[in-house]
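Everything on this sheet refers to the single structure shown next.
The values are calculated or read from the model by the stated rules, or taken from the named source; none is laboratory data. Computed from a prediction, not measured in an experiment: that's the story for all the values here. Cβ sites come from the backbone with ideal geometry, for glycine too, and all protein chains shown count toward neighbours. SASA here: full protein model, heavy atoms, side chains in, ligands and nucleic acids out. Shrake-Rupley method; radii C 1.70, N 1.55, O 1.52, S 1.80 Å.
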Amino acid sequence: MREMNVGIIGYQFMGKAHSNGWIKAPLFFDLNIKPKLKVACGRNKAAVTSFAEKWGWEKIETNWKKVVEDPDIDIIDISLPQHLHYEVAMAAAKNGKHIFCEKPLAHTRTQAEEMLKAVEENGVTHYLNHNYRRTPAVKLAKQMIDNGEIGRVFHWRGAYQQDWIVDPDFPLTWQLKKETAHAGPHWDLNSHSVDLAHYLVGDMKTVSCLTTNFITERPLPTQGETAFSSGAPNTEMGKVTVEDAALMMVEFENGAVGSFEATRFATGKKNANTFEIYGSKGSLSFNQERMNELQFFSNSDPENEQGFRTIIATEGSHPYMNNWWPPGHIIGYEHGFVHAVADFMDALDKNVSIEPNFRDGVKILKVLEAGLESAKSGKKVSIL
């Protein structure tokens, strides 16, 4: 089997999720090209060494520029916070590396447009990891919509709800500062929801948005403290410079209308990425916290038997599932990353594009930036 060498930049939450994808994809999918875990890169030598040893990366590096300039590296995996994507992606493209990039694509729309230009000019394969597209139940929803099973789409209702910053003593991590996050859940969470809406319903033409803050100051983080690892209490405070919650209303180009909620203050919701789609013949509903299930209502059912029914998307005929376990044996969050790697390697083998990619990333950020403009002005904004 042919091999391609991967260099991963970043080793925290997404670094682990991506590493698992690179490892598992060739074990469960019949790939013509096998990804080889060549080098892991991070600024903290001790931490990245520990990460590399645990996940099977052959060697480590602390200077990302050396990784993207290394002629032995074929693929650059960007597992960094979004404010660091631009410089790495631009250098990787100019060095002819294929790019597997975590979402959202960039810190700003302008950066995203420059990144798209760079990958296209240099002819590299580029993938943007909105992994929820590769949940089998979501893929099934796409098939059902394309097959006309819910008819003309009237409504999209999306919500991405978490609760990990409800505690006012939660520290001021990078996700809560404009200079490193650009925006709050509107950028981080709504990017996933907008991608799913583009995928399942279509492009949008206008947006109206409001944002709010519930807690405006938080304790500064201590050394090494992150969103998912606590440190010692700190009495020194800093200002929250992004929104805590965002609500959007949109008009789609095909005439449908939609709403989006993104919040980290939905107490009791851990990772509830949900959507409801209502059409002329039926409806679909999905919740990532119950990711193997798709709810379906059909007008064609006999009147006395109508109602939402649950499809357990684990049959071998469901997308990706013939590579996993017998029907009814559910899969989990990490499998979306495995599916992404499998599709990415297949695209490289066939020399074809993969979606979502940097072009989709630009479209998403156009919507999100229009939303921020609307929230600031109080007016409906056209997506240009």
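Odds and ends about this structure:
- Sequence of ASP169, ASP203, ASP72, ASP77 when ordered by accessible area, the most exposed leading, probe 1.4 angstrom: ASP169, ASP72, ASP203, ASP77
- Taking a point 7 Å out from the Cα of TRP174 in the direction of its Cβ, the residues of the stretch 4-45 whose backbone N falls within less than 13 Å of it are 9-15, 42-44.
- Rolling a 1.4 Å probe across all protein chains gives LYS59 an accessible area of roughly 90 Å².
- The stretch 196-342: C-alpha gyration tensor shape, a/c 1.5 cut-off, then a/b vs b/c: oblate
- Using θ = phi - 60° in the Karplus curve 6.51 cos²θ - 1.76 cosθ + 1.60, the 3J(HN,Hα) couplings for the stretch 67-75 round to 5, 6, 8, 6, x, 7, 8, 9, 10 Hz; x is entered for Gly and Pro.
- Rounded to the nearest 0.05, the FRET efficiency derived from the C-beta distance between VAL166 and VAL352 at R0 = 51 Å is 0.70.
- The gain in end-to-end length when the ASP203 to THR108 segment is fully stretched comes to 32.3 nm, 0.36 nm per residue minus the alpha carbon separation.
- Length available on full extension from HIS155 to GLU120: 0.36 nm per residue minus the Cα-Cα distance, which gives 9.2 nm.
- Integer Hz, Karplus 6.51/-1.76/1.60 couplings in order for the stretch 105-117, x for Gly and Pro: 4, 8, 6, 9, 4, 4, 4, 4, 5, 5, 5, 4, 4
- In this view, the solvent-accessible surface of SER374, computed with a 1.4 Å probe and all protein chains in place, comes to about 0 Å².
- Assuming charge only on the beta carbon of Lys and Arg (+1) and of Asp and Glu (-1), the dipole of the chain about its Cα centre is about 380 debye to the nearest 20.
- Among VAL153, SER374, GLY7 - extreme Cα towards positive end, dipole of the chain, charges at beta-carbon: GLY7
- Cα gyration tensor of the chain - equivalent ellipsoid semi-axes, whole Å, descending: 32, 28, 21
- Filter on LYS36/LYS205; LYS54/LYS117; LYS34/LYS139 - keep pairs with C-alpha separation over 32 Å: LYS36/LYS205; LYS54/LYS117
- Rounded FRET efficiency, nearest 0.05, which uses the C-beta distance separating LYS281 from SER50 and R0 of 45 Å: 0.25
- Accessible-area order (highest first, 1.4 angstrom probe) of the listed residues LYS350, LYS24: LYS350, LYS24
- Cα centroid separation, the stretch 1-47 to the stretch 121-174: 23 Å.
- Using θ = phi - 60° and Karplus 6.51 cos²θ - 1.76 cosθ + 1.60, couplings along the stretch 259-276 (whole Hz; Gly, Pro as x): 9, 9, 10, 10, 8, 10, 10, 8, 3, x, 9, 8, 7, 8, 9, 10, 8, 10
- The stretch 34-81: GluC sites (Glu not before Pro) in DSSP loop, at most 13 other beta carbons within 10 Å: GLU58
- Amide H contacts of ARG264: GLN162, each under 5 Å away and 5 or more positions distant or on a separate chain (H built 1.01 Å from N in the peptide plane; Pro and chain starts excluded).
- In Å², nearest 10: area of TRP57 left accessible to a 1.4 Å probe: 10 Å²
- Helix-only mean residue ellipticity at 222 nm for the chain, each DSSP H run of n ≥ 4 adding -39500 (n - 2.57), per residue, nearest 500: -10000 deg cm²/dmol
- ASN147/ILE215 FRET efficiency (R0 35 Å; Cβ-Cβ; nearest 0.05): 0.15
- Across LYS177/LYS363; LYS270/LYS366; LYS103/LYS379; LYS16/LYS350, pairs whose alpha-carbon gap is larger than 30 Å: none
- For the stretch 278-325, convex hull of alpha carbons as volume per residue, Å³: 96 Å³
- For the stretch 17-47, backbone nitrogen atoms closer than 18 Å to the point 7 Å from MET1 Cα along Cα-to-C-beta are found at 18-39.
- Average projection area in nm² (convex hull over Cα atoms of the stretch 1-141, one quarter of hull surface): 8.9 nm²
- Dipole of the stretch 281-332 [Lys/Arg +1, Asp/Glu -1 at C-beta], most positive-end residue of PRO326, GLY307, GLY282: PRO326
- Annotation: lysines with alpha-carbon distance below 16 angstrom to LYS66 (same-chain offsets under eight excluded): LYS38, LYS45, LYS94, LYS97.
- DSSP beta bridges in the chain [antiparallel fraction, %, rounded to 5]: 60 percent
- Cα centre as origin, Lys/Arg/Asp/Glu Cβ charges: the stretch 240-341 dipole, Debye: 260 debye
- Given charges at Cβ of Lys, Arg, Asp, Glu: the stretch 1-139 dipole, positive-most of ASN20, ASN95, TYR127: ASN20
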